[in-house]
Protein chains: 2
Amino acid sequence: MVLAVAVTTAASNKRVILKRYVMTGLLTEHAMEVVMTKAPPLTVSAESSVVVVKNLYISCDPYMRNQMIRHDTPSSIAPDFIPGEVLTSCGVMKVLSSGHPDLKAGDLVWGVTGWEEYTVINSPESLSKINHPELPLSYYAGVMGIHGLTAYAGFFEVSKPKKGEYVFVSAACGAVGQIVGQLAKITGCYVVGSVGSDEKVNLLKHKFGFNDAFNYKKELDFEAALKRCFPQGIDIYFENVGGATLDAVLPNMRLGGRITVCGMISQYNLEHPERVQNLFYIITKRLRIEGFLSFDYNCRYRQFEREMAEYLREEKVIYVEDIAEGLDAAPAALVGLFSGRNIGKQLIAIAQE
Amino acid sequence: MVLAVAVTTAASNKRVILKRYVMTGLLTEHAMEVVMTKAPPLTVSAESSVVVVKNLYISCDPYMRNQMIRHDTPSSIAPDFIPGEVLTSCGVMKVLSSGHPDLKAGDLVWGVTGWEEYTVINSPESLSKINHPELPLSYYAGVMGIHGLTAYAGFFEVSKPKKGEYVFVSAACGAVGQIVGQLAKITGCYVVGSVGSDEKVNLLKHKFGFNDAFNYKKELDFEAALKRCFPQGIDIYFENVGGATLDAVLPNMRLGGRITVCGMISQYNLEHPERVQNLFYIITKRLRIEGFLSFDYNCRYRQFEREMAEYLREEKVIYVEDIAEGLDAAPAALVGLFSGRNIGKQLIAIAQE
């Protein structure tokens with residue numbers, strides 16, 4: 001049987017490409033370039049096994065900086081970007097045309113896509129359908145996607161919290177931090193967050209329900225701030241920052257404390273990472289420091305999705321996004337993560353549904 | 001009823017005291033002094049609830065250096081020593097006279113005692129009887145005591161090894177390292193140790209049955225030595241050294257690797273600990289770094305004691321001690337730990353049974 005396929009095209013496809021490999025030092029917009037290219041065919045054959053999508057939202061993530069570096073050995077987390085080629089991250093998309101039996105035109109999906117208007121997805125099995133259309137679509141590029149799963153798995157599976165424990169979250173207004181803090185409150189923990197502005201302190205205390213929060217830029221001594229907020233010490237530190245922050249936390253940990261290492265955003269722009277000196281507390285306080293990646297917990301996604309959708313509907317979890325409009329704004333939004341310019345989860349809105 | 005108690009005395013009691021608190025820098029013998037004092041009464045009333053022991057062997061342990069420092073807040077591990085007072089550590093003793101119903105004169109016991117000829121033990125319930133007299137008595141100040149339990153609990157309970165895994169042990173000829181390596185071999189792991197002399201390399205390879213070993217003093221690049229010994233990477237690192245060694249290990253860990261932190265002997269004499277920079281591998285390799293202290297596993301002692309006695313009798317575990325003769329030799333023996341002068345577990349023999 002021969003299928004008659006109508007091939008339509010869009011005139012152009014705006015995209016953000018890697019201009020050149022990033023070396024050490026601060027990430028700048030010059031690493032990226034917004035270019036116009038020819039759009040791919042927007043209709044594919046039913047036998048093609050690929051899917052064409054229109055991108056609606058894409059996520060800005062700190063680990064993308066690491067993908068911009070030329071590595072001698074491939075990273076275990078995500079493939080390196082290639083100069084001249086489009087950046088990728090998690091996004092929310094609408095299927096325009098499908099060569100995959102489980103997807104059809106009009107479906108709303110989320111998964112890894114390009115920083116561009118239209119993308120041909122060669123592995124459609126990597127896409128997931130959006131099961132909770134009652135929530136804002138953008139949530140699947142954040143709290144209902146990998147960032148929510150990261151917070152959920154990191155807190156419940158790695159930190160293993162108990163009711164009444166003392167929890168400290170750094171970068172606590174970010175994509176993952178804001179969710180971890182609220183999951184800790186739901187668990188019955190005492191939660192304090194550190195952030196980089198008074199506006200974020202206010203959000204933590206009055207919107208996310210943290211017990212306390214401080215603006216680290218206003219503290220002369222990070223360790224003293226921790227002692228003030230945690231006179232009894234810290235049971236769980238959810239690490240998003242690294243370096244000097246970790247060094248300040250270590251002496252304030254309680255016996256048997258757990259440090260769950262999700263990210264180290266303070267370190268990514270440094271030529272040499274800050275060195276940490278208080279590691280002897282690992283022995284004296286019998287600490288467990290554990291790193292994790294959300295994709296090790298993909299098997300827990302369905303349970304997570306059900307619970308998180310419920311929390312969001314019941315407003316037990318409040319979620320704050322910082323949405324930049326259009327691909328032209330994308331490079332600055334990504335760079336802004338490293339100075340904490342964003343308030344809440346940083347996304348780019350590319351198109352309306 | 002009045003008990004007639006014959007009080008006998010020894011003329012004198014040689015002891016090693018802390019001369020002055022230790023500051024930063026290399027531990028020297030000048031921190032200690034060997035003095036003669038009046039011996040305590042060697043006979044106690046049956047109602048006294050104390051026990052008098054003659055000390056036979058005492059253990060030299062790196063953590064004693066930390067007890068010689070004046071701390072602002074009490075340590076969670078062991079109480080600080082006090083200038084003018086006797087040092088303490090684990091030892092093997094013979095009961096001379098007992099005010100405790102479970103102990104009688106002539107019993108051989110082990111536990112914390114003084115660095116002196118005779119000690120009055122005020123908490124006799126802290127002493128344990130020696131259940132395997134077929135083994136050398138000195139073993140209870142090491143492989144059959146806390147050092148063996150440290151190796152056993154740290155390896156099996158914290159590292160959680162699987163057959164076929166790649167295990168690296170630093171300070172691998174020491175009190176704990178030599179046992180960990182042999183337990184790893186019994187488990188079916190591939191084991192490599194680092195040590196500070198060719199004589200120790202020889203012991204590891206030809207006496208303890210390590211698969212490989214290297215003398216770190218002869219390696220220009222520790223990390224390259226690890227790459228040579230572990231082309232596939234390291235699943236378990238049993239950490240006895242800290243600092244630069246930890247930094248060299250981190251990039252060589254495999255995904256899901258575990259670093260069990262038992263000690264950091266390279267750091268104890270430093271004014272400021274060496275700073276560690278490769279902590280980002282905790283995330284990319286999803287590592288678990290965990291500290292522990294053997295006394296958290298005291299409840300496992302009976303099981304450990306039974307198994308280890310069996311291994312030793314069957315020569316599945318070979319144990320090497322470095323026994324200095326007499327209390328006069330004790331300060332130098334303790335100081336020698338930090339330069340790796342000892343070959344095997346360092347003890348002091350104080351008296352014959």
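The values are calculated or read from the model by the stated rules, or taken from the named source; none is laboratory data. As the structure is a prediction and not an experimental result, all values here were calculated from the model. Positions of Cβ are backbone-derived with ideal geometry, glycine not excepted, and every protein chain shown enters the neighbour counts. Remember, those area values only see protein heavy atoms, side chains included, never the ligands or the DNA or RNA. Shrake-Rupley method; radii C 1.70, N 1.55, O 1.52, S 1.80 Å.
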Among the residues of the range B:99-127, write down those that are within 27 Å of residue B:12 (Cα to Cα) and in contact with a helix residue (DSSP H, G or I) (Cβ under 8 Å, 6 or more places away or on another chain).
-> B:99, B:100, B:103, B:108, B:110, B:111, B:112, B:115, B:116, B:117
Scanning the range B:48-75 for residues that are closer than 16 Å to residue B:264 by Cβ and within 14 Å of chain A (Cβ to nearest Cβ) gives B:61, B:62, B:63, B:65, B:66, B:67, B:69, B:75
If we scan the range A:277-291, do we find a residue that is within 23 Å of the chain's Cα centre (by Cα) and in a helix (DSSP H, G or I)?
-> no
Quick one: residue A:321 ticks every box in (1) buried (at least 18 other Cβ atoms within 10 Å of the Cβ); (2) in contact (Cβ under 8 Å) with a residue 60 or more places away in the chain; (3) acidic (Asp, Glu); (4) at the interface with chain B (Cβ under 10 Å from one of its Cβ atoms) except a single one, so which number is it?
-> (4)
Of the residues in the range B:72-99, those that are on the phi < 0 side of the Ramachandran plot, at pLDDT 85 or above and part of a loop (DSSP other than H, G, I, E, B) come to B:79, B:80, B:81, B:82, B:83, B:85, B:87, B:99
Check every one of the strands (runs of 3 or more DSSP E) wholly within the range B:203-275 and list those with 1 or more residues that are open to solvent by 20 Å² or more (accessible area, probe 1.4 Å).
-> B:212-215, B:253-261
Per the filter on the range B:282-306, residues touching a strand residue (DSSP E or B) at 6+ places or on another chain (Cβ under 6 Å) and open to solvent by 20 Å² or more (accessible area, probe 1.4 Å) are B:285, B:286, B:288, B:290
Does residue A:148 qualify as being of a type outside the set (A, V, I, L, M), open to solvent by less than 10 Å² (accessible area, probe 1.4 Å), over 27 Å from residue A:325 (Cβ atoms) and not in a strand (DSSP E or B)?
-> no
